[in-house]
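A.B. asks: Please read through the structure below; I'll follow up with questions.
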Amino acid sequence: MGGKSGYIGSMFRFGEFELDLDRYELRRGGNVVKAEPRVLEILHYLIERRERVVPKEELHDGLWPDVHVSEAALTTAIRDARRALGDTTANPRWIRTVYGRGFRFIGDVVSAPQPVAAAGSTASTRKSIAVLPFTDLSPGRDQLHFCDGLAEEILNALTRIDELRVLSRATAFDHREDDDLRVLGQKLGVDHILRGSVRKDADRLRITVHLVETHGGHHILSEKFDRQAVDVFALQEEIAEHAARALLGVLTERNRNAIKSTPVRLDAYEFYLKGRTYLSQGTHRALEAAVGMFEIAIEFDRDYTPAYAGLGDALASMYSLLGDDQLLVRADAVSRRAVELAPNLAETHVTRGHVLTAQKRYRDAEAELSLALTISPGSADAQARMRELNSRSELS
């Protein structure tokens, strides 16, 4: 049985089944089949490679990159996929075992109709997601900066994946208290929402995350983590990877590298997060506090790039409020330093573009922001700064 070309947007149809990767659902006759995310990943992987036998080793590495699991885990996952499809090893209809080699998807996959875009609009096949601020469940309820910072770092990691459309922090974080995620999904125009809670107690972190498909309100990812606080960098990377895998299936090596984080001193990170919280408030007093927090973070780690970028943004924003040229001189120096430290990080070019816009060096600012968008096309911050630049240059 051959495999016809059947991938339109993000829908596969075979027999009475539909594998809908936008909603991350397996449906049979229009009804959702209860299946773990791993089952959907296996089906996605095998269907896309249905013209050949997929070796066990390849399937194992595709589903569990950089993680050591036993061969029994793959056997169990294949069994669960067959069970979801009502398939058997003795008389396979969908998944055939080629003994000594691997597995092959043998069913015909037919084309799913692609929605017709309205006149003048551009249809997007990228998965859309909003990351909401995490809830503080710490004993003193005094870790709001840490909760917001963790959510923002996960958001920033996801923006580096070209296949995802990630809502900006400024928009998503306005909905801290919203409960009905289906209504919120319609309001924000996203198909998925990631939310969570954090309990930080001494040197322990307990984090719960939920990834919800907003059309039906289904949880496609629910996980709990209990780690040492010093593991926060690996943890935020792990959460971002799990969310991306739940949305996209198997991640490419490029995407796995894109979401990797760089550990720094925990005390520097804490002050950086406090700075980000103040920076988002935008008032004169808050911006002064943000500058102080970023400067302390840099004192702890002289090469901490995000702190330099945050400091540059805070100083440029203060200049916009106060018109003090000395603020702009400082912003210019620290934004240059940020780019020197991490020329391949979109965030540093966004900050540099912000400072150059404040200096009315519009062509240079456009070059920096264009570079940021080349590095990270999904960067909401870069897109917002580019819109600001365009509006300013039109007025000049």
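A.B. asks: Cross-link partners among lysines for Lys360, C-alpha distance below 30 Å, same-chain residues fewer than 8 apart left out?
C.D. replies: Within the straight-line limit of under 30 Å, Lys360 reaches these lysines: Lys274.
A.B. asks: Let me ask another. With a point put 7 Å past each Cα toward its Cβ, work out how far Asp226 is from Ala170 in nm, to one decimal.
C.D. replies: Those two pseudo-labels are separated by 4.1 nm.
A.B. asks: Please state the charge dipole magnitude for region 200-342, taken about the Cα centre, from unit charges on C-beta atoms (+1 on K and R, -1 on D and E), reported in debye and rounded to the nearest 20.
C.D. replies: Result for region 200-342 is approximately 240 debye, rounded to the nearest 20.
A.B. asks: Taking the Cα centre of region 266-390 as origin, sum charge times position over the Cβ atoms of Lys and Arg (+1) and Asp and Glu (-1), and report the length of that vector in debye to the nearest 20.
C.D. replies: Dipole of region 266-390, to the nearest 20 debye: 340 debye.
A.B. asks: Another one. Run lengths n ≥ 4 of DSSP H only: what is the helix-derived mean residue ellipticity at 222 nm for the chain, with -39500 (n - 2.57) per run over all residues, to the nearest 500?
C.D. replies: After summing the helix terms and dividing by the residues of the chain, the value is -16000 deg cm²/dmol.
A.B. asks: Just rank Thr135, Thr351, fewest to most, by other beta-carbon atoms within 10 angstrom.
C.D. replies: Least crowded to most crowded, the residues run Thr135, Thr351.
A.B. asks: Still on this structure, I have one more. Starting from the Cα of Phe233, step 7 Å toward the Cβ, then list every residue of region 307-342 with an amide N under 14 Å from that point.
C.D. replies: 307
A.B. asks: So, by mean Cβ neighbours within 10 angstrom, what's the order for 39-46, 184-191 with the highest one leading?
C.D. replies: 39-46, 184-191
A.B. asks: Label Thr252 and Glu57 with points 7 Å out from Cα along Cα→Cβ: what is the distance between them in nm?
C.D. replies: 2.4
A.B. asks: Sort the following peptides by mean Cβ neighbour count (other Cβ atoms within 10 Å, averaged over residues), highest first: 371-381, 217-227, 275-285.
C.D. replies: Those peptides, ordered most packed to least, come out 371-381, 275-285, 217-227.
A.B. asks: Quick one: Cα centre-to-centre distance for region 258-325 and region 87-110, in angstrom?
C.D. replies: 54
Each reported figure results from applying straightforward, stated rules to the coordinates on display, with no laboratory input. The structure displayed is predicted, hence computed values, not measured ones. Heads up, the Cβs are rebuilt from the backbone with ideal geometry, glycines too, and the neighbour counts pull from every protein chain shown.
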